[in-house]
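Visitor: Take this structure, written in structure tokens, and hold onto it; I'll ask about it next.
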Amino acid sequence: MTERATGRGKHTDDEGETSGAVREGASPGKAKKKVKPSSGFDKKTIALVYDFDGTLSPRPMQEYSFLPQLGIDPKEFWAECGRIARAQGADPLITYMHLMYKKAKEKGLRIDRADLVKQGADVELFPGVAEWFDAIAEYIKIRAESHGVQLRHYLVSSGLTEIIEGTSIRKHFHNVFASEYWFDPYELPYPKRVITDTGKTQYLFRINKGIEDLGESINAHMAEDLRPIPFRNMIYFGDGETDVPSMALMRKSGGHAIAVHPEEKGKGFETCVELFRAGRVDFYAAADYRRGSDLFKRTCLLLDRILADIRVQEEVWEVGKGVG
């Protein structure tokens with residue numbers, strides 16, 4: 001998420017979040033994806049969607065290797081990003097991506113895609129994250145009463161795709177939507193994709209509609225019964241105010257959201273409490289992903305609700321077959 005580059009505390013109107021997300025995905029040159037009605041009840045895929053910085057990892061991913069190798073203090077770097085963005089009226093995320101490589105050039109250090117991927121190995125994860133994915137899959141396998149329930153994990157982050165690819169947990173994600181660079185055509189890498197706070201909601205719609213190819217538009221209307229992963233089957237995990245658009249969309253659309261915070265009860269904890277009081281999230285918990293933690297137990301409660309709803313919807317579909 002790279003929250004330090006985004007200017008925390010900026011809330012967006014709920015309607016603006018949703019409509020903005022749809023506009024961002026436009027690729028008018030692509031043919032509209034055709035979705036065929038299913039011959040059976042197939043809304044059995046559960047999607048867990050995560051932010052990265054502050055949610056799965058304690059700090060912004062750039063602070064583990066990129067900034068230290070340049071000898072740059074992270075606080076000074078993010079503060080400079082903020083100053084430049086305000087002075088130039090620039091997008092904070094594009095600013096941080098530009099400033100990273102400007103700083104590297106000043107130090108005489110050329111970093112390519114392979115270097116960034118390698119840096120992913122240095123990224124620290126919260127306790128239990130590495131084991132979380134298998135543990136959740138095992139829980140669903142035990143609790144599901146419907147045959148054919150599937151679990152998918154998605155990552156939607158303002159951080160860098162290249163660094164994420166080098167982390168030990170990349171293999172667990174069905175898809176990753178994150179900011180990314182173009183490398184070859186430019187003397188310095190140029191932003192290829194920038195994912196903003198409100199822009200994240202575009203990717204929630206992509207998951208919902210099953211249109212994960214970024215070359216395809218998501219603007220065309222798709223009936224709810226044709227969408228492969230209903231919002232009610234989704235849980236979003238985030239850590240703060242920059243996740244509000246995604247959390248609000250989830251809750252407004254019948255999905256679920258959980259806010260996480262560091263173990264110590266500081267600003268992050270207070271933010272989570274505010275999000276809970278505002279109805280932005282179902283639960284909040286410390287970012288401890290181990291079995292038996294509050295986060296694990298509260299996630300399982302929501303999974304129980306989703307699994308029960310899948311079974312109910314499946315039975316309704318079966319009854320409807322007899323009526324029709």
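The values are calculated or read from the model by the stated rules, or taken from the named source; none is laboratory data. Note that the structure is predicted; figures quoted are calculated from it, not measured. Positions of Cβ are generated from backbone atoms using ideal geometry, with glycine treated the same way; all protein chains shown enter the neighbour counts. Each accessible area value is taken on the protein alone, full model and side chains, heavy atoms only, with ligands, DNA and RNA left out. Shrake-Rupley method; radii C 1.70, N 1.55, O 1.52, S 1.80 Å.
Visitor: Within the group Arg291, Arg280, Arg298, which residue is within 29 Å of Gly210 (Cα to Cα), assigned to a loop (DSSP other than H, G, I, E, B) and basic (Lys, Arg)?
Guide: Details: Arg291 fails: within 29 Å of Gly210 (Cα to Cα); Arg298 fails: assigned to a loop (DSSP other than H, G, I, E, B).
Only one candidate passes the filter, namely Arg280.
Visitor: Given the options Arg193, Arg251, name the one that is modelled with pLDDT of 95 or more and open to solvent by 30 Å² or more (accessible area, probe 1.4 Å).
Guide: Arg251
Visitor: Which pairs turn up if I take residues in the stretch 257-285 that are at positive phi and look for partners that are charged (D, E, K, R) with beta carbon separation below 7 Å, at least 6 apart in sequence or on another chain?
Guide: Gly279/Arg251
Visitor: Quick check on Asp225: is it within 30 Å of Lys43 (Cβ to Cβ), open to solvent by less than 10 Å² (accessible area, probe 1.4 Å) and of a type outside the set (Gly, Ala, Ser)? I'd like the intermediate steps shown before the answer.
Guide: Working: within 30 Å of Lys43 (Cβ to Cβ): yes; open to solvent by less than 10 Å² (accessible area, probe 1.4 Å): no; of a type outside the set (Gly, Ala, Ser): yes.
The answer is no for Asp225.
Visitor: When the residues of the stretch 94-120 are narrowed to those that are more than 16 Å from Leu67 (Cβ to Cβ) and touching a residue at least 24 places away in the same chain (Cβ under 8 Å), which ends up surrounded by the most Cβ atoms within 10 Å (Cβ to Cβ)?
Guide: It comes out as Val117.
Visitor: Identify all residues within the stretch 121-150 that are without any contact (Cβ under 8 Å) to a residue 40 or more places away in the chain and either open to solvent by 40 Å² or more (accessible area, probe 1.4 Å) or acidic (Asp, Glu) (or both); write none if there are none. Full working, then the answer.
Guide: So the first thing to find is which residues in the stretch 121-150 are without any contact (Cβ under 8 Å) to a residue 40 or more places away in the chain, and the list is 130, 133-134, 137-138, 141-142, 147.
The answer is Ala130, Asp134, Ala137, Glu138, Lys141, Ile142, His147.
Visitor: Being out of contact with any helix residue (DSSP H, G or I) (no Cβ under 7 Å at 6 or more places or on another chain) and either closer than 21 Å to Tyr64 by Cβ or open to solvent by less than 40 Å² (accessible area, probe 1.4 Å) (or both) is the filter here; which residues of the stretch 162-180 pass it? Don't jump to the end; show me each part of the working.
Guide: First, the residues of the stretch 162-180 that are out of contact with any helix residue (DSSP H, G or I) (no Cβ under 7 Å at 6 or more places or on another chain): 171, 173-175.
Within the stretch 162-180, Lys171, Phe173, Asn175 meet the criteria.
Visitor: In the stretch 231-243, which residues are under 13 Å from Leu204 (Cβ atoms) and open to solvent by less than 10 Å² (accessible area, probe 1.4 Å)?
Guide: Within the stretch 231-243, Asn233, Met234, Ile235, Tyr236, Phe237, Gly238, Asp243 qualify.
Visitor: Hey, another quick one. I'm trying to understand the selection: among the residues of the stretch 167-207, which are of a type in the set (Asp, Glu) and in contact (Cβ under 8 Å) with a residue 60 or more places away in the chain?
Guide: Looking only at the stretch 167-207, we keep the residues that are of a type in the set (Asp, Glu), and these are 180, 184, 187, 197.
Across the stretch 167-207, the qualifying residue is only Asp197.
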